[in-house]
Amino acid sequence: MKRVSWQTRFGFYLAAIGSACGLGNLWRFPFVAGENGGGAFVLLYLLFAFIIGLPILIAELMIGRKFRKSVFAATIELSKHSSYPLHWVGRVAVVFTLIILAYYAVISGWVLHFLTQFIASGFSQRASPSPLQHLIQNGWLQVGLASVHLLVAVVVVVKGVQDGLEKWIGYMMPLFAVLLVILVLNSLSLDSSAPALRFLLYPNFSQLTYSSMLNAIGHVFFTLSVGFGTMVTFGSYLSDKNHIPSAGVRVAAVDSFISILAGLLIFPIVLAGTALRLSDPYLLFEALPRFLLQMPGGIAFAITFFLCLYIAALGASIGLLEVIVSNMIDRQKMDRKIAAWLAGVSALVLAVIPALSSTVFENIRIGGRGVLETLDGVLINWVLPLVALGLCLSFTYGMSEKDKEDLFVDPEKIESVSLYPYWKFAIRWLVPGAITVAFALEITGLILG
Ligand code: PHE
């Protein structure tokens, strides 16, 4: 392995789970579930996580492991075995990753804002009210926070202080899980927990719309970090001893579990007398700070929670940045430092658009949605499934049957022998079929208005 980068010395699970679990679970999952009517959507999401997201996650890991390269270079290898121009998929995936990094940096900036607010009010011994609107109305503050976030991510990737970060993430993740469980127990003790549980867990299929299937698929890819090439990069550092499908199942299971916990945490709080729209993209940031502050020891809880959330967001951002950087190193033979700075600065320039969504671009509304919401919808519900589909097809047509079987089947794991035909079916037919049906439904909905 020629690259020495953070994944090499990082435990695979720490890296893959650290990249998968992030703002997608805590921030995005609740409002997307809210937007799509709750229980039936949650069921759809869980189903797709395992029958659509997981097969591609496994395929991406396999591409990485087979070629020991990042996504662009790996798709060039795949296109050598096929008459299709598959390398385009890798190229598009890298550009897409940069755009998502920019968007992600803005939301991470929100987390940073709350974290610093809580720390400041902890020192001054006063509990501050939710400063969200203040932040939303200050676009340049959001640009500033996004740049701080990108700076931290770039420094980590350049300096190779990954060992330190590994320890941080290693400590933070279990702490975060414990904290989440404590908070969920607290939130479930609210009177609103019964309607919240019903909303989240009872599948009322009449709530689904023409868009629900595409929304579920898009979110599954986003939350599992699939369709970006991140898992290709992680797979390229996976040791030969690791059984790829088992690794994939664990990542998907932990990620889905965290999302459900996030739903259990947020909905009782939101339904307990707030007037928030369940599909509000600010849901987490509107609901949680107030709830945390009114708990005994609130400020300490708030600081710890937002610190964990920030580390989770940083882990995911570093995963995104590393995809871009490792591709620039592979293809352009660029120096790691230059590549990281270039990627960071480019992401910052792009981040200006979502950051100024509620101020400079306030009057731009598309179908009743602002710039931030529109970007979120277009990038994650439309572009991401298409890129993921491209990666899936590259894998299907560019990897030999023998390689697929060798990488999937471990004779010592009997279930891998029996699951192999199902996984092959999923990759070849189910995934492309489901993505096509989801787009057809979405377009039908748009036509019928
Ligand atoms: N999966 C991350 C989340 O849910 C987002 C992400 C996507 C991170 C792709 C890295 C790569 O927050």
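The values are calculated or read from the model by the stated rules, or taken from the named source; none is laboratory data. Only a predicted model underlies this, so the values are computations on that prediction, with no experimental measurement involved. Neighbour counts run over all protein chains shown; Cβ positions are idealised from the backbone, glycine included.
Worth a mention:
- Pairs with Cβ under 9 Å, 6+ apart, first in region 13-24 and under 7 Å from ALA312 (Cα atoms) and among the β-branched types (Val, Ile, Thr), second near the ligand (Cβ under 10 Å from one of its atoms) and part of a helix (DSSP H, G or I): none
- Selection of region 55-73 for residues being touching a Ser or Thr at 6+ places or on another chain (Cβ under 6 Å) and within 14 Å of the ligand (Cβ to nearest atom) yields GLY64, SER70.
- Criterion: modelled with pLDDT of 95 or more, hydroxyl-bearing (Ser, Thr, Tyr) and either surrounded by fewer than 24 Cβ atoms within 10 Å (Cβ to Cβ) or under 24 Å from LEU86 (Cα atoms) (or both) - qualifying residue of SER211, SER239, SER246: SER211
- Residue pairs meeting the criteria (Cβ under 8 Å; at least 6 apart or on separate chains; first over 20 Å from VAL371 (Cα atoms) and of a type in the set (Val, Ile, Thr), in region 94-117; second within 12 Å of the ligand (Cβ to nearest atom) and not in a helix (DSSP H, G or I)): VAL94/GLY229
- Candidates LEU419, LEU321: the one that is buried (at least 18 other Cβ atoms within 10 Å of the Cβ) and either within 16 Å of the ligand (Cβ to nearest atom) or of a type outside the set (D, E, K, R) (or both) is LEU321.
- VAL378 meets all of the listed conditions (1) touching a Phe, Trp or Tyr at 6+ places or on another chain (Cβ under 6 Å); (2) β-branched (Val, Ile, Thr); (3) within 27 Å of ILE107 (Cα to Cα) but one, namely (1).
- Region 266-277, subset more than 16 Å from the ligand (Cβ to nearest atom) and at pLDDT 90 or above, residue surrounded by the most Cβ atoms within 10 Å (Cβ to Cβ): PHE267
- Residue match in region 155-175 (condition: in contact with a Phe, Trp or Tyr (Cβ under 8 Å, 6 or more places away or on another chain), more than 16 Å from the ligand (Cβ to nearest atom), at pLDDT below 90 and under 30 Å from VAL417 (Cα atoms)): no
- Matching residues in region 319-339 - criterion: being closer than 23 Å to CYS21 by Cα, out of contact with any Phe, Trp or Tyr (no Cβ under 7 Å at 6 or more places or on another chain) and either outside any helix (DSSP H, G or I) or not hydroxyl-bearing (Ser, Thr, Tyr) (or both): GLY319, LEU321, ILE324, VAL325
- Test: ILE76 is at pLDDT below 95, more than 14 Å from the ligand (Cβ to nearest atom) and surrounded by fewer than 22 Cβ atoms within 10 Å (Cβ to Cβ): yes
- Exactly one residue out of ASP240, ASP255 is among the acidic types (Asp, Glu) and away from the ligand (no atom under 16 Å from the Cβ): that is ASP240.
- Restricting VAL437, VAL387 to residues that are in a helix (DSSP H, G or I) and surrounded by fewer than 18 Cβ atoms within 10 Å (Cβ to Cβ) narrows the list to VAL437.
- Among the residues of region 187-207, none qualifies, meaning not one is within 16 Å of the ligand (Cβ to nearest atom) and touching a residue at least 12 places away in the same chain (Cβ under 8 Å).
- Of the numbered criteria (1) buried (at least 16 other Cβ atoms within 10 Å of the Cβ); (2) of a type outside the set (A, V, I, L, M); (3) out of contact with any helix residue (DSSP H, G or I) (no Cβ under 6 Å at 6 or more places or on another chain); (4) not in a helix (DSSP H, G or I), the one PHE361 fails is (3).
- Checking each residue in region 220-237 for being more than 9 Å from the ligand (Cβ to nearest atom) and either part of a helix (DSSP H, G or I) or out of contact with any helix residue (DSSP H, G or I) (no Cβ under 9 Å at 6 or more places or on another chain) (or both) picks out VAL220, VAL232, THR233, PHE234, GLY235, SER236.
- Out of PRO30, PRO55, sole residue that is assigned to a helix (DSSP H, G or I), modelled with pLDDT of 95 or more and closer than 27 Å to LEU271 by Cα: PRO30
- For the criterion of being within 16 Å of the ligand (Cβ to nearest atom) and in contact with a Ser or Thr (Cβ under 8 Å, 6 or more places away or on another chain), ALA343 fails.
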